[in-house]
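Here the structure is laid out as structure tokens; the discussion comes afterwards.
The values are calculated or read from the model by the stated rules, or taken from the named source; none is laboratory data. Nothing here was measured: the structure is a model prediction, and the numbers come from that model. Neighbour counts are summed over all protein chains in view; Cβ atoms, including those assigned to glycine, are modelled from backbone coordinates with ideal geometry.
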């Protein structure tokens, strides 16, 4: 059994099963591994041996990115995934942060670095004739190192929803562990095809997509996510497995439903951060099983979601997973609910998800000891995620640590309110966040994106809220914005800090304001 990605990739070197499907083209694993070996050999020969061999990839979801991943594993050097939605100084900062020696890009992304100051970085356009010539004359591969399980395979930046992205050092063992567990759970093999439409520079695509295909010997179908292209792609490639993160299920469900939607080969969709309503609706509409779990790039807090997980819960934690008050350093109270299901001790029960056993699979943030120390305080890993836990050990997310709101003297969190609002069929996506109260503290604001062709009136919204017995009166939004879309990261996570910056009255938008129990338009386009 392979202990590293390097070893696992070598086992595919003579495999004639299909490894990559892209458009009308296919490559076998034998061809794919050979291409990766040539790339690794050329890059190792070009590199300065006196510097860390860190190769950054500014590439889209194409076979070139798959080759970059496999080449790093075979070559024993570190691949650094660069977010293709970053621009200007932020992009230059990311490239410099990971001590990039060589930057791989292509014709579609080369312009992003035009005019940037990248000292010490050798830029290679993998679509150029010069690169093709280097590959044609590649020497035999002599790996940069024979890897151990704890050697860093990749630097993956966090999503940046609550601050500047940080580069997580991801060892070979983490990627193997994640992929191997999913291969076993879903009984995947070389007969399967994995649809990889999440950005391959991010942890979800690497842990729950690329590593799954590699572990199973399955084919990979890289693609750029598009809700309208999703079903045609699944059918075209014969995809049986897909991974997702954030809101893709909601985007797909917003497309027009057709009677033959379930006529497709998709068997399993695995990811995280989907709403319970979307999990159920997606599975029914497309005839597959959806498994949604909790995950982060750091992989320090591991939570599994068995089949009997109650609605709204993300599952139960591995040993050491707990919920602590970050101010006192003590474990929070068990959540208590009244007969209507309202959490009656929210302030005492809600705290930060932690791993009391230490850092788990987390190896730290590269070049950022301050951020690493902030995560690892007192021998405990602090995730930055708010949650509460019931008497049976089921964990419920409450948002990020920045999602606390102080409303009329009471502390509230956003995620429970969002879960309730998503019960309304007209709503496709929602973000709840604080805006300043005119006197003191905060008021609740909700930015809502409706389903295609759906309508929602202030009267219908107020009637819906009044019928939700588990919604605290203080949690009812004071301000409602019916938006065309919500700002999000490349990994489909909503950027609440941008919403907060717009304040309670974004210009030229459909806004409602609550007075008592009723809503009325504040301004319209």
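Tally time: how many residues in the range 488-508 are in a loop (DSSP other than H, G, I, E, B) and closer than 25 Å to residue 441 by Cβ? Don't jump to the end; show me each part of the working.
Step one: of the range 488-508, the residues in a loop (DSSP other than H, G, I, E, B) are 489-493, 495, 503-508.
Right, trim to closer than 25 Å to residue 441 by Cβ and you get 495, 503-507.
Total satisfying the criteria: 6.
Which of the residues belonging to the range 338-356 are over 18 Å from residue 297 (Cα atoms) and free of Cβ contacts under 8 Å to residues at least 60 places away in the same chain? Give the steps one after another, and end with the answer.
From the range 338-356, those over 18 Å from residue 297 (Cα atoms) are 338-351, 356; that's our starting set.
The answer is 338, 339, 344, 345, 348, 349, 351, 356.
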What's the total number of residues in the range 227-270 that are at pLDDT 95 or above, in a loop (DSSP other than H, G, I, E, B) and closer than 22 Å to residue 486 by Cβ? 0
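Going by what's in this entry, would residue 79 be described as surrounded by 19 or more Cβ atoms within 10 Å (Cβ to Cβ), closer than 20 Å to residue 6 by Cβ and at pLDDT 95 or above? Show your work before the answer.
Details: surrounded by 19 or more Cβ atoms within 10 Å (Cβ to Cβ): yes; closer than 20 Å to residue 6 by Cβ: yes; at pLDDT 95 or above: yes.
Against the criterion (surrounded by 19 or more Cβ atoms within 10 Å (Cβ to Cβ), closer than 20 Å to residue 6 by Cβ and at pLDDT 95 or above), residue 79 qualifies.
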Checking the structure you have, find out if any residue of the range 426-433 is at pLDDT 90 or above, crowded, with 20+ Cβ neighbours inside 10 Å and within 30 Å of residue 58 (Cβ to Cβ). yes
I need the full set of residues from the range 106-125 which are in contact (Cβ under 8 Å) with a residue 24 or more places away in the chain, under 20 Å from residue 200 (Cβ atoms) and assigned to a loop (DSSP other than H, G, I, E, B), in order please. 106, 108, 109
Which condition from (1) over 20 Å from the mean Cα position of the chain (by Cα); (2) over 17 Å from residue 282 (Cβ atoms); (3) part of a loop (DSSP other than H, G, I, E, B) is the one that residue 224 breaks? (1)
Of the residues that sit in the range 128-147 and are under 33 Å from the mean Cα position of the chain (by Cα) and surrounded by 16 or more Cβ atoms within 10 Å (Cβ to Cβ), which one is farthest from residue 2 (Cα to Cα)? 131
Grab the strands (runs of 3 or more DSSP E) fully contained in the range 362-418, keeping just those with 3 or more residues being within 19 Å of residue 293 (Cβ to Cβ), more than 18 Å from the chain's Cα centre (by Cα) and touching a residue at least 40 places away in the same chain (Cβ under 8 Å). 380-389
Within 18 Å of residue 65 (Cα to Cα), over 17 Å from the mean Cα position of the chain (by Cα) and surrounded by 24 or more Cβ atoms within 10 Å (Cβ to Cβ), is that true of residue 219? yes
So which of 460, 490 is outside the structural domain of residue 340 (by TED's automatic domain parsing) and at pLDDT 95 or above? 460
For the range 1-105, which strands (runs of 3 or more DSSP E) that fit wholly inside it have 2 or more residues that are under 21 Å from the mean Cα position of the chain (by Cα)? 54-57, 78-81
Among the numbered conditions (1) modelled with pLDDT of 90 or more; (2) assigned by TED's automatic domain parsing to the domain that holds residue 347; (3) over 18 Å from residue 356 (Cα atoms); (4) surrounded by fewer than 18 Cβ atoms within 10 Å (Cβ to Cβ), tell me where residue 311 comes up short. (1)
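Suppose the filter is modelled with pLDDT of 95 or more and either outside the structural domain of residue 387 (by TED's automatic domain parsing) or crowded, with 20+ Cβ neighbours inside 10 Å (or both); does residue 466 pass it?
No.
The rows are residues; the columns are (1) under 27 Å from residue 217 (Cβ atoms); (2) surrounded by fewer than 19 Cβ atoms within 10 Å (Cβ to Cβ).
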{"position": "242", "(1), (2)": "yes, no"}
{"position": "257", "(1), (2)": "no, yes"}
{"position": "260", "(1), (2)": "no, yes"}
{"position": "274", "(1), (2)": "no, no"}
{"position": "280", "(1), (2)": "no, yes"}
{"position": "284", "(1), (2)": "no, yes"}
